[in-house]
1. Multiply the residue separation of Val79 and Leu103 by 0.36 nm, subtract the distance between their alpha-carbon atoms, and state the gained length in nm to one decimal.
2. Rounded to two decimals, what is the ratio between the C-alpha radius of gyration of the stretch 32-131 and 2.2 N^0.38 Å?
3. Given springs between every Cα pair under 10 Å in a Gaussian network model of the chain, which of Gly35, Gly88, Gly99 has the largest fluctuation?
4. Taking the Cβ of each residue in Asp9, Asp83 as the centre, tally the other Cβ atoms inside 10 Å and list the residues starting with the fewest.
5. Grab the Cα-Cα distance for Val33 and Ser64, subtract it from 0.36 nm times how many residues apart they are, and report the gain in nm with one decimal.
6. Would you calculate, for the chain, the mean residue ellipticity at 222 nm contributed by helices, counting each DSSP H stretch of 4 or more residues as -39,500 (n - 2.57) and dividing by all residues, to the nearest 500?
7. In a Gaussian network model over the chain where Cα atoms closer than 10 Å are linked, find which of Thr61, Thr73, Thr34 has the largest mean-square fluctuation.
8. Give the aspartates and glutamates reachable from Lys72 as a straight Cα distance under 14 Å; neighbours fewer than 8 places away on the same chain don't count.
Amino acid sequence: MALKLDTIDLPHGLTWSDRYSWTPVIQNVTVTVTGSIVVQEAVQLSGRPITLKGGIDVCWTTKSVIDALYAKTQAASSVMTLDLTDLGAGAFQVLWRRGEEPLEVVPLVTSPYEDANTLYSIITLRFLKVD
């Protein structure tokens, strides 16, 4: 079994770097003119960031996979299924997080003669959970 984005198999070596740094509880604190505070809290129903980190030494895949991922970054408002079952997290409906670089990759060897099997390393994949 592998990690998947829709039908694209993602390489092993990816970790969910911000898994425990997000909470669904949002808070607004207002100081009144008397000096006391008013605290409002609510549960945020969607919008969780999901950042998958790889690295040059641990997360290699072929150019054909990178091309498929890149093609997905070119579609606006395209909801995808990100299956993180192998990381013990289940599957999520996601969009690319476009406020940052959504797909960060580097070739293992720079060459003008690339083909579908040329190796790349995934550095970071950035998503936004919408379900």
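1. Numbers: separation 24, 0.36 × 24 = 8.64 nm, distance 1.57 nm.
Full-extension gain reported as 7.1 nm.
2. 1.47
3. So, out of Gly35, Gly88, Gly99, the one fluctuating most is Gly35.
4. Asp9, Asp83
5. Gain on extension, Val33 to Ser64, equals 5.1 nm.
6. Helix-only estimate at 222 nm: -2500 deg cm²/dmol.
7. Maximum among the listed residues: Thr34.
8. The qualifying aspartates and glutamates are Asp6, Asp9, Glu101, Glu104.
Values quoted throughout were computed directly from the atomic coordinates according to the rules given, and no laboratory measurement underlies them. Source: prediction; values computed, not measured. Glycine also receives a Cβ, built like all others from the backbone with ideal geometry; neighbour counts cover every protein chain displayed.
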